[in-house]
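No lab work stands behind these numbers, since they all come straight from the coordinates. Because the structure is a prediction, the values reported are computed rather than measured. Positions of Cβ are generated from backbone atoms using ideal geometry, with glycine treated the same way; all protein chains shown enter the neighbour counts.
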């Protein structure tokens with residue numbers, strides 16, 4: 001007996017652009033400058049990606065916590081913790097890859113901009129993990145944003161690196 | 001293409017003429033935008049906006065009639081919360097252009113038929129309601145609307161059709177009456193009385209076996225949990241008693257009465273409800289969720305009573321707003337909070353109640369659970385001075401009623417509350433809940449707090465949880481999620497396998513290969529030696545124990561470490577777990593090592609299923625095994641089981657999709673071949689191409705059948721184990737003369753219900769087997785009742 005699948009698209013009439021609005025799941029303005037390939041390639045990959053970049057994590061946030069939170073929007077295929085290139089310790093970002101894009105979209109809609117370890121975290125589409133991308137790109141080994149930041153952030157090693165060196 | 005000079009005069013009857021200034025698609029977008037936005041916050045009044053828009057659209061009718069028709073039909077279907085705004089607009093257009101009114105009505109009927117054909121019943125209700133409100137706008141003649149409703153209600157007298165079919169047609173009729181009851185009753189009171197009386201007798205004779213399965217609480221105090229149809233009936237009766245006076249709905253058309261009453265009305269064409277077919281899928285029955293009444297907000301405006309039509313309209317509209325804007329949480333929150341009537345109704349209470357109604361809805365919430373958490377947070381941000389208090393009050397009320405709350409709903413409450421707290425530094429007045437500390441740990445309240453704290457820990461870390469609760473709550477605090485390695489201590493050296501474990505540890509640390517591991521394990525004696533006839537790799541529980549304990553201990557640092565370990569030694573795992581007993585034992589050992597860290601158990605089981613180290617049936621058997629009896633009522637166990645079932649379901653769907661795609665490819669190829677008959681330049685031999693595809697289809701067909709069989713087996717195993725477990729309990733209670741209804745029993749029977757509800761579409765396929773094989777008449781009536789409730793759901 002065939003599986004009963006309910007037809008999704010209706011024959012008569014479409015939908016309204018007001019209801020098609022999905023701003024949380026849209027691509028942001030950010031494009032990875034280190035991406036190898038054209039802008040077009042990058043955007044094509046972003047639009048079908050199941051991988052999210054997650055930023056503003058505390059250095060102490062664990063893979064387990066990330067798994068628990070992001071598991072709320074669907075089954076996670078893999079979590080890759082971002083590491084300081086020199087120290088090889090967590091430096092406040094990670095990648096979360098889902099099996100299904102729809103689950104990643106829900107994470108963008110409902111987990112982006114909420115708190116983990118008391119910090120508002122930010123998620124964005126990622127073109128896909130490649131070896132090497134788990135490392136911070138700042139000169140000191142962490143993320144670029146922690147190089148120049150002026151404020152004191154206890155969860156991200158205190159002051160920015162430039163400030164620390166003063 | 002016309003060779004006439006471009007001009008921008010309004011030359012009617014030139015459908016392909018382009019305006020010099022804009023492209024047609026731009027105009028369509030503009031029209032859509034104008035129509036969608038009418039009714040939103042504006043400097044002018046709604047009436048003047050509607051009048052203005054009607055003028056614009058009337059002018060555009062010659063060139064854009066079909067687009068305007070389409071947009072209006074779509075808003076009727078998809079923006080039901082603005083129903084009366086759009087019916088007024090249509091009324092104004094009809095007053096200016098009778099033909100257009102007629103065409104619109106026809107288009108709506110076509111759309112309605114289409115919706116019913118493709119099982120879009122929720123949207124069909126909105127269309128019916130729209131049509132009925134058009135009576136108020138003098139677009140549709142009342143008698144013809146009554147005639148349509150007569151056809152709807154007569155469905156309740158059809159024989160041999162599912163009750164849910166009759167339910168829908170009755171609901172479509174009743175739920176339109178808040179809008180149009182007055183008008184219809186004024187014009188056709190005798191017919192309406194007859195319809196109402198037919199409806200009443202249908203409601204009296206319809207069966208309600210399924211209702212307990214859909215109720216959030218098992219108690220009817222303080223709020224009865226009626227089915228939607230029963231509640232709506234009471235509401236309509238009250239409305240009728242009030243002489244159909246309804247004051248909540250905003251009716252912009254009243255301001256235009258003098259214009260509209262001059263308009264000519266159209267008669268609805270006779271509408272025959274499409275017959276029931278095998279492919280018809282009607283909406284699930286629903287139970288109304290209520291948690292508030294007027295006593296809960298003594299300071300504010302009075303909350304409309306549970307049987308007032310006002311309550312119905314408010315709830316409908318709030319649900320519609322969520323349905324329209326679920327993807328845009330900020331917009332959704334803003335739209336909910338700007339629902340009109342703000343100072344006449346306790347809006348925050350309505351919003352919170354409607355959101356929890358969806359979150360706790362059985363079988364499943366309309367949207368993904370996490371959406372509701374985030375939506376509530378957005379609402380708290382927009383109303384920081386009032387909404388958090390209502391939410392806290394709601395949480396308190398839900399806690400107080402935990403004893404009778406359905407286990408599935410408790411799960412959702414746990415998930416919501418812990419996630420919510422994690423966004424607010426876990427601040428909560430835990431001491432208010434100290435009453436649960438004196439209760440048996442298996443009772444719902446302490447159980448709830450334990451599970452919440454465990455979930456809170458998963459979102460933070462162990463010490464944090466110790467810090468946030470009063471010291472008295474330590475008995476409910478989660479265990480420190482550390483690994484238990486039985487070969488860890490020197491004092492354990494007398495344990496069989498200890499030396500091998502040591503050996504393994506060193507080997508793995510030195511990056512041993514799978515083969516080296518095998519050779520080390522060869523030395524492990526088999527306590528089941530008598531059962532062996534060949535050497536090596538039959539079920540050896542000790543081998544499994546030593547290997548799995550050691551490996552998991554070495555990889556304990558993080559999920560990633562453990563996953564790498566599983567991947568690296570996949571071959572060893574597959575071999576050791578080849579038999580069914582092997583699979584079961586692997587799971588047992590995983591549990592022994594990680595029983596303090598349920599989250600780790602869950603992710604390991606998930607990985608082992610995905611890498612085919614264990615199969616779904618093994619997980620099901622493990623969950624029902626006596627070793628896990630102690631944890632049987634813990635939340636994480638059921639998360640694992642349902643996740644396992646979902647993986648199985650997704651697997652079947654995936655292969656089925658592959659099969660359908662391959663069949664489609666073959667069909668396209670045949671089509672190409674047939675049309676390319678004369679094309680000799682095509683050097684691809686079509687015969688050669690067919691072969692592999694047809695073989696592929698055959699293979700996929702086998703794969704589908706085998707997957708479906710595995711899926712069915714999984715459910716049968718689960719049901720079987722439930723029946724055994726419950727029967728054991730019932731017999732024990734009966735012979736011991738003790739009350740059946742222990743916390744464990746309530747939890748277990750509701751877990752059985754949960755299996756049925758959460759996977760009802762799949763399980764529907766197995767009804768015959770279930771009836772004949774498992775849920776037979778000899779079964780204890782307590783257990784059989786669950787099956788009967790399930791059968792009644794779509795009967």
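Spherically averaged projected area of the convex hull of Cα atoms, the range B:730-795: 4.8 nm².
Measure out, as a whole number of angstrom, how far apart the alpha-carbon centroids of the range B:631-676 and the range B:431-479 sit. When both Cα centres are located, 40 Å separates them.
When only Cα pairs below 8 angstrom with a gap of at least 6 residues are kept, the range A:39-127 shows a relative contact order of 42 percent. Taken as Cα centroids, the range B:232-300 and the range B:724-759 sit 41 Å apart, rounded to the nearest whole angstrom. May I ask for the Rg/Rh ratio of the range B:325-433, computed from Cα atoms with Rh as the Kirkwood radius, given to two decimals? Result: Rg/Rh = 0.95. Max-minus-min Cα coordinates of the range B:286-333 on each principal axis give 34, 27, 16 Å, with the largest extent listed first. Residues B:116, B:72, ranked from the fewest to the most other C-beta atoms within 10 Å, line up as B:116, B:72.
With the simple spin-label model, which puts each label point 7 Å out from Cα in the Cβ direction, the residue B:154 to residue A:40 separation comes to 6.1 nm. Could you compute how fast the protein assembly as shown diffuses translationally, taking Rh as the Kirkwood radius over C-alpha pairs and applying Stokes-Einstein at 20 °C with viscosity 1.002 mPa s? Give it in µm² per second. Reported coefficient: 67 µm²/s. Run the helix sum for chain A: -39,500 (n - 2.57) per DSSP H stretch of 4+ residues, divided by residue count, reported at 222 nm to the nearest 500 deg cm²/dmol. Using -39500 (n - 2.57) per qualifying helix, the result is -6000 deg cm²/dmol. Rounded, prolate or oblate: which fits the range B:25-261, taking a ≥ b ≥ c as square roots of the Cα gyration tensor eigenvalues, rounded meaning a/c under 1.5, else prolate when a/b beats b/c? Prolate.
Need one number: the % of Cα-Cα pairs in chain A sitting beyond the 30 Å mark. When all Cα pairs of chain A are counted, 25 percent exceed 30 Å.
Compute log10 of I(q)/I(0) for chain B with the Debye formula, placing one identical point scatterer on every Cα and leaving out solvent, at q = 0.06, 0.09, 0.10, 0.11 Å⁻¹, to two decimals. Treating every Cα as an identical point scatterer, log10 I(q)/I(0) equals -0.52, -1.05, -1.20, -1.33.
Taking a ≥ b ≥ c as the square roots of the eigenvalues of the Cα gyration tensor of the range A:39-127, is the shape rounded (a/c under 1.5), prolate (a/b larger than b/c) or oblate? Because a/c hits 1.5 or more and a/b fails to exceed b/c, the range A:39-127 counts as oblate.
In terms of its Cα atoms, the range B:206-318 spans 54, 53, 25 Å along the principal axes, sorted from long to short. Each label was represented as a point 7 Å from its Cα along the Cα-to-Cβ direction; for residue A:151 and residue B:109 these points are 6.3 nm apart. Helical runs (DSSP H, four residues minimum) scored at -39500 (n - 2.57) apiece and divided by the length of chain B put the mean residue ellipticity at 222 nm at -20000 deg cm²/dmol. As a proxy for reagent exposure, ranking B:733, A:165, B:166 by other Cβ atoms within 10 Å from fewest up yields A:165, B:733, B:166.
Derived from the Cα gyration tensor, the three semi-axes of the equivalent ellipsoid of the range B:106-234 are 26, 17, 15 Å, largest first. Sticking with the crude label model, points 7 Å out along Cα→Cβ, report the distance from residue A:17 to residue B:403 in nm, one decimal please. The answer from the label model is 5.8 nm. Principal-axis analysis of the Cα atoms of chain B puts helix B:228-241 at an angle of about 30° to the longest axis.
Overall, the ratio between the Cα radius of gyration of the range B:518-645 and 2.2 N^0.38 Å, rounded to two decimals, is 1.02.
Against chain B, whose longest principal axis is taken from its Cα atoms, helix B:177-187 shows a tilt of about 30°.
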